[in-house]
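The values are calculated or read from the model by the stated rules, or taken from the named source; none is laboratory data. The structure displayed is predicted, hence computed values, not measured ones. No Cβ is skipped: glycine too gets one built from the backbone with ideal geometry, and neighbour counts run over all protein chains shown. We work out accessible area using only protein heavy atoms, side chains counted, and drop any ligands, DNA or RNA first. Shrake-Rupley method; radii C 1.70, N 1.55, O 1.52, S 1.80 Å.
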Amino acid sequence: MVLLPVIDLQDGMVVHGRAGQRDSYRPVRSSLCADAEPASVADAFQNLGFDETYVADLDAIGGKAFDRRNLDTISRCFSRIWIDAGTGDLQQAEQIMSWAGERDIRLVCGLESLQSPQHLETLLHGFHDQLVVSLDLVRGQVKSPVARWASLPPDQVARELIELGVSRLILLDLSRVGVDQGTGTRELCRRVRQFDESIELICGGGVRDSQDIRELLADGCQRVLVASTLHDGRLGVSEVKTFAEL
């Protein structure tokens, strides 16, 4: 399946992400379900034919404990979940993996949560098969507490991540999320693909329609993160089925 639906969790509800301004996020209004309860959204995504989902636990990314209860609920609907819970070091990763047990998960580590390249190396050593690194951008600039990464062009940071051993990379401009302006990462995707043909590339943030998805795939992307286009019906059952067959 090319498409990877996103569930943004905040204060126990599914919220509509918009431009990375997390303080202003509000419960999602969806054509797929009657409310913004995580169980309702997870059921709706499952009914569309998805067997995986990406969960961004925004409270955990902000420094709070991750939402075990709602992750339990969501995980019942899918064979695999991708979890971004602010994982930036080994202890946080071990907590998520302990919760996961026998579940099939992808452990997402965003650059905004990583304090050093050494922390990433430790995570790669311990959880290489599960780890996905998100190269987080804001208006095209790398979002990272690591001064070196924050000062470099995104393609150079991507190259360094790959050289450290990253095999799955998300390219995500947070300022594009939920504002229907396109992802803004197409050129970066092409450059990363030229540098490494084997890297698994996932892109998202601002996907508007099927054309955006096809263009990302042509640029070398393999999975596309989607949310708003599902909730407002721009991507319906027929489109999801079409991309499931690619």
Pairs, first open to solvent by 60 Å² or more (accessible area, probe 1.4 Å) in the range 110-130, second in a helix (DSSP H, G or I), C-beta under 7 Å, six or more apart: Glu121/Leu164; Thr122/Leu90
Take the range 37-51 and flag every residue that is more than 18 Å from Lys241 (Cα to Cα) and open to solvent by 10 Å² or more (accessible area, probe 1.4 Å). Glu37, Ala39, Ser40
Under 8 Å between Cβ atoms, at least 6 apart or on separate chains: pull out the pairs that start in the range 63-74 with a residue that is more than 13 Å from Asp11 (Cβ to Cβ) and end on any residue that is assigned to a loop (DSSP other than H, G, I, E, B). Gly63/Gly86; Phe66/Ala85; Phe66/Gly86
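For every residue, the table says whether it meets (1) open to solvent by 60 Å² or more (accessible area, probe 1.4 Å); (2) over 30 Å from Gly140 (Cα atoms); (3) not β-branched (Val, Ile, Thr).
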position: Tyr25; (1), (2), (3): no, no, yes
position: Thr53; (1), (2), (3): no, no, no
position: Cys77; (1), (2), (3): no, yes, yes
position: Trp82; (1), (2), (3): no, no, yes
position: Asp89; (1), (2), (3): no, no, yes
Could you please give the count of residues in the range 27-84 that are of a type in the set (Ser, Thr, Tyr) and farther than 19 Å from Val224 by Cα? 5
Of the numbered conditions (1) open to solvent by 20 Å² or more (accessible area, probe 1.4 Å); (2) more than 30 Å from Gln115 (Cβ to Cβ), Asp59 fails exactly one; give the number of that condition. (2)
